[in-house]
Amino acid sequence: TQGRSAEFYSITDLRAGQPTWFKEDLAALFELLANGEIAPKIWKTFPLSEASQAHQLLEQGKVRGKIVLKIAE
């Protein structure tokens, strides 16, 4: 409250239903990230080979932030 409002936002639904809006939103999101205006909370980083383990943790509700899958360099 305190003059703030919130709205449900489903990126999956937006991408399927309004692809043009999705592209615009995604571009804006990456701009905010590049400018340091947002900072996602990264819970854990996994190598791509452990993607199934990361997915299991998501399904179990054990994740408190974002998971990053790292591709070998």
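The values are calculated or read from the model by the stated rules, or taken from the named source; none is laboratory data. These numbers were taken from a predicted model, which means no experiment stands behind them. Cβ atoms come from the backbone with ideal geometry, glycine included; neighbour counts cover every protein chain shown. Keep in mind that these areas ignore ligands, DNA and RNA; they rest on the heavy atoms of the full protein, side chains included. Shrake-Rupley method; radii C 1.70, N 1.55, O 1.52, S 1.80 Å.
Whole-Hz Karplus values for the stretch 20-30 come out as 5, 4, 4, 4, 5, 5, 5, 4, 5, 4, 5 Hz, taken residue by residue from phi with 6.51 cos²θ - 1.76 cosθ + 1.60 and θ = phi - 60°; glycine and proline positions read x. Taken per residue, the accessible surface of the chain reaches 90 Å², heavy atoms only and a 1.4 Å probe.
Charged neighbours of Glu7, selected by a Cβ distance under 14 Å, balance to -1 (K, R count +1; D, E count -1). In order along the stretch 7-19, the Karplus-derived 3J(HN,Hα) couplings, from 6.51 cos²θ - 1.76 cosθ + 1.60 at θ = phi - 60°, round to 9, 5, 9, 10, 5, 5, 5, 5, 4, 6, x, 9, x Hz, and Gly and Pro are given as x. Per-atom-type breakdown for the chain gives carbon and sulfur 55% of the accessible area (1.4 Å probe, protein chains only). Calculated mean residue ellipticity at 222 nm for the chain: -13000 deg cm²/dmol, from DSSP H runs with n ≥ 4 weighted as -39500 (n - 2.57), summed, divided by the residue count and rounded to 500. Each residue of the stretch 50-60 was assigned a 3J(HN,Hα) from its phi angle through the Karplus curve 6.51 cos²θ - 1.76 cosθ + 1.60 (θ = phi - 60°); the sequence is 10, 4, 5, 5, 4, 5, 4, 5, 4, 4, 7 Hz, with glycine and proline shown as x. Note on the chain: Lys pairs 8 or more places apart or on different chains, Cα atoms under 19 Å apart, count 6.
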